[in-house]
Each structure stands twice: as structure tokens, then as C-alpha cells.
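Just below is one structure, and these are the notes that go with it.
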């Protein structure tokens, strides 16, 4: 009957289970696009569109900023849709150039908002600024020698990818492009190099003109003109290689490139040998360890007949010397360049969005470093929803640590603390930005949870029903753990009746065998979890008629034995000490204190006693003397000791006096004068003689 009642209770619970009333779903915005900083170049006059896209609940609205200020709705050239995040620049001119970034904002029912901020997008019109051309020049060279022609001193400023070209020109429209080959090379500064010049390079009646070509706009701008005059030589002498140009900048120890860009190293050698097809020197590249660099391996590319080494996606490990080596059959030459890799702050621990259950602390990190060997970045600057967190922030809610590299939001609450945070870190090279949002969700709470310890008999119902609720944003999942086995989905431990829809779970023991009853004993662990929180509910099932097993202490060393051994040893030591003391006293029994004193004073009491003749005296047979009373001693009858406090006298057996030591030992007989010995005792012969 009891089992039926319990089953009915569980079934009733399964009918009336309810889900705790939840607050609205809240999720701060997360910028999905643009995902990183960008630099964009467009032709002049085209329409430009930029897209800002973010996730979040409620759906975010968008606001665009231009050079740090909100774009006004009155601006006719730049407009955007706050619902879609799409920005349009109509007919791009230099006036609309600058930095753009968007903000995604969602507002919750209680009026609180969270604002995420995107990376900046730099928008430029691709172009080459007007070129201040130098006057026409003339360059003179001798056939077979090295010669170079520069673009001029005043190169124009340009935006977008731009390359250098050279043309031979006659008039304004007759242009013939100078092609690069083994003998002719144009470096990254625009200078035209000839390994050895020929008479045919003179181009009679034509000028050499440097040009800049903008890849985006397709614009070609010509610079100043130079006439090349080549003096004929009867024969061209063979010459070993000589370094004429490298990208090493005069006065600087190293070439500097930014991290993650392309390292571009160049060197150019003169030299000539009369060997068709091999007139110019062959060029190889080596790293600082002397290893030859092979084009196409790793991030290395070698171009322009060996004159250019490119290293893609530069890393700090690329910061080292590189050597270009030129060889021909006459000799060798080399050029050495050291590459320096610099960087704006490099993220060690960038700001990341985080989700915490209500009441927990949330921690944000903003930690960056500079490139190796460079000055460390400044302390981070923190913002909340785009507003600076300065001295006015609430210290009861926010706490900074590790030199402001860590921000802690204390005891986060769903109603007040959902927000986005931004940090900026700068150094001498540039500035980096990171954005991360805090979402606070309701914690997992239990609607139904079984008794943690259940002692059952056959026919009972084992209640294992666990029902929990949590924030609607993250649905709860359940698992079983029983006797080292995990059960997921619709599966459950043996003999457990489980409804995955209601989470009703129980064991009906009515029809279980003895062996099955024993099998259901143990701890049933119910794992309730989602992405950001996990809780366990444990239920231990015991059998009522199962004998109580007294736990046996784990096998180990019995320390009481040590105590017993120590006690026995102490008793033995005490007994030995007592025995030693007794033996010592036995050894000292024949020696009196006075003897010890006299021995200590250098005297020999035994010898003195022997010399005194004391041992020659006969022992009186006291049995034959009648009992007498000892006469009283006069005060004048002082023993030979003459007042020695360590002895005393007594008178017995007539006038004799005796002296004793302080311990009662006998010294001898003393008297004032010689007295006659008493007559010998004669026993009476008969009664009449008495």
C-alpha cells in the first residue's frame, strides 16, 4: 500500500510539474561584422556601402560614427539604416574620407541598455597626389658599367596599392614601357637599375620617365624625365659582382616592418662576364645561420631574378639578419640586412564576452605586450557601453587589478549589470581595441528533487525525479551517472522508469528479484547543466534488510605499536638507571664519609689506624664481666679528640672512654692516664665463697 501511495504521489507530481516563471530573454549585442579593423580604398565618385551586423536579444539597433562623432541625420552624403546597420556614402570624395565605426545597442524591458562597439574602418579614395616634377635631366654612362636613374626627390603622396613603372617617352603620348629582366630592375623606391648598360639603352631622341600606377584607380602619373647618354666601349670588360643597392636605409641599423605585414628585402649587384645567358651575377639568400633560403618554402618568396626576398605574415622570430650573395666566375659579393619587426600592442589576453549566473562575479582581461625589446604598452583605458570608466565608477560594483589589466564585476545581476565593455591599449607604434559583453542569466533552480538518502523494502517506489529550471536563453540538459556509467538522452540506469519529456524517474521494486534488489543499491547522480552552469543531485539507495557493515579501517601501519615499544623502552631505561644507582651505593658501603674527606686531603686513615696499634688490642669477652653501671664522666674527661665535634665519648667498663665518628663508626679508646686493668674474674667455687 505504501508503494502505491508513493507511486501515486510521483504520478501526481508529473501531472502538475511547472516551469518557473522566467524573466524575458536578454542577450547583449555581439558585433559580427566588421570583425577586425580594415583599410578600404575606392575609386573617386563611386557609392560606398559599409555593413554593421550584430547578434543579441532584443534585436539590436545600429548607430554609425565618423571620425569619433555620431553621423547626423541631416548629412546627405553619408546615411545609414539603424535597423539593418547599412551605411551608404554617395559619390565618394576626399571630403568623406576618414574612420568609421558602428555601435549596436539593445534595450531591455527595464530600460537598461548594452552597447557594443565595432573596430574602425578607414575609407580612402584611391589616388596619387599631384607630382611636383623636376626639370629634365641627363645621365651619362659608359657601356658595360652599372648605372641607375632615380624617380626624383619629391615623390607624391598616394593612397591604395601603387607600383612604380618606367617608360621611354617622346612627346606626351608616345610611351614605351621598360620591361624588367636579368639586367634591368626597378626597386621599391622606384629607381631604375642597369647591371651593365648597353648602347641600345640610350634610346636616341627619347627620355626615360618614372611613373606611378595606382592599382585601384588605374591611374598612371608620370614624373620627371631623364635622357640617358651611353658612351660606346670597344669591349666590355668582365667584372666581379659589386653591391650597388639594398633596402637597408642609410643611418639606420635595421629595416623596420610591422608584424603580420610582408617583409620586402632587395639587393642589386653590378657585374659582368662574357658568358651568354649568364652575363649577370646569380643571387642567393641566406638567413643568420647560413642556411640557404629556398623560394616557396615556409613564408619565403624570391622574385625578380633573386633580387627580392619577401617574407609573408612577419613574426617576431623573423627579426634577424639576412644576407644576399652574388656570384659569377670572377668572384663574389654580398649584402647584409637586419630585419626589425615592430608592432602595435600584441594581445596576450584580449577582452572576451562572458556569461555568468546571477550572483557570480564576472572577470574581464585586457592584457597586451609590445614586440620583443620594445617599450611596454600604456595601462589600458576602460569603457562601459562606450562611456569612460574613470574615477567615478562604483567600487562596490567594479574592481580593477593587475595594473588595470583586469576588471571584475561583482555579484552580477540580470536586471542591472548586462553591459558591454571596451578597452584600448597603445604604445609608440599604434593602438589596439577590444570589445566584450557581459550577459547575466538566471541560475539553475530545482522544482522537484528527491530525498538524498532512501532506505527501501521490496514493494517501495524509489523516487529519482529531478526537475530544474534556468534562464530561457540556455535550455537545460540532463545526464545520469550510476556505477561508473553515464546515461544520456532517453537512456537511464537499469530498472529506472524514465520519461524524458516530464523528467519523471522512479524504480518500482514490486517485481524485482533479490539479485535485482541488490543491483539497484548505490548512488544515482543526476547532472543538470547547460553551457555556463552544472549542478549535481545525488540520491543514495539502500536496502532496509541489508546488514549493517561496520567499516573496517583501511590497511595501514598500527601506530599504537610504536607507542607500546616506546613505553617498554622507557621502562627498561628507568630500571637500568635504578640498578646503576644501587650498584654504586654497594660499591661505596665500605667507605665512610670521613675517610673520603681524609683521602681528599691527602691522608691515609687506614695506615694511621694500623700504626696506632689499635688492632693489637684484645677483644674483651663481655660475657664474663658482671653488669656494671658506667660511671659518669667528668667534664674534664675529654677524649683525645679534644672537642672534635665529629666524635663523642662514653664511659663503659670502668674508666675507659670510647670515641666514634659522626656516622657511628668506632675510632678507638681514649683516656687521660694509664690505669691498671681490672682483676680477672674468678668464678666462685661454692656458695660459701660468694
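Counted by neighbouring Cβ atoms within 10 Å, the residues 465, 168 run from fewest to most as 168, 465.
Sorting 123-129, 499-505 by their mean Cβ neighbour count within 10 Å, with the most densely packed peptide first, gives 123-129, 499-505. Averaging 1/r across all pairs of distinct Cα atoms in the stretch 127-237 and inverting the result yields a Kirkwood radius of 14.6 Å.
Could you tell me the ratio Rg/Rh of the stretch 67-182? Both radii from Cα atoms, Rh via Kirkwood. For the stretch 67-182, the value is 1.25.
Just to confirm my numbers, what's the Cα centroid distance between the stretch 94-113 and the stretch 410-443 in Å? Cα centroid of the stretch 94-113 versus Cα centroid of the stretch 410-443: 16 Å apart.
Each principal axis of the Cα atoms in the stretch 319-418 has its own extent, and those three values, largest first, are 82, 27, 22 angstrom. Scattering from the stretch 183-236 was approximated by placing one identical point on each alpha carbon and applying the Debye formula without solvent; log10 I(q)/I(0) at 0.20 1/Å stands at -0.85. A Förster radius of 30 Å, combined with the Cβ-Cβ distance separating residue 410 from residue 369, puts the computed FRET efficiency at roughly 0.60. Each peptide in 314-320, 482-488, 206-212 receives the mean, over its residues, of other Cβ atoms within 10 Å, and ordering these scores from highest gives 206-212, 314-320, 482-488. Modelled label positions at residue 97 and residue 391, each set 7 Å beyond Cα in the direction of Cβ, lie 4.0 nm from each other. Once the convex hull of all Cα atoms in the stretch 27-125 is built, its volume per residue stands at 85 Å³. When both the stretch 331-400 and the stretch 35-65 are represented by their alpha-carbon centers, they are found 24 Å apart. In terms of its Cα atoms, the stretch 234-349 spans 68, 32, 22 Å along the principal axes, sorted from long to short. Taken over the Cα atoms of the stretch 365-478, the convex hull encloses 195 Å³ per residue.
Residue ranges 520-529, 43-52 sort as 520-529, 43-52 when ordered by packing (mean number of other C-beta atoms within 10 Å per residue, highest first). By the count of neighbouring beta-carbon atoms within 10 Å, fewest first, 434, 270, 304 end up ordered 304, 434, 270.
Listed from fewest to most Cβ neighbours within 10 Å, the set 518, 183 follows the order 518, 183.
Over the stretch 443-543, the pair-distance histogram of Cα-Cα distances with 5 Å bins from zero comes to 3, 12, 25, 24, 18, 10, 5, 3, 1, 0 percent, rounded to whole numbers.
Each value in this text was obtained by applying a stated rule to the coordinates, not by laboratory testing. Note that the structure is a prediction, hence the values are computed from the model and not measured. Glycine also receives a Cβ, built like all others from the backbone with ideal geometry; neighbour counts cover every protein chain displayed.
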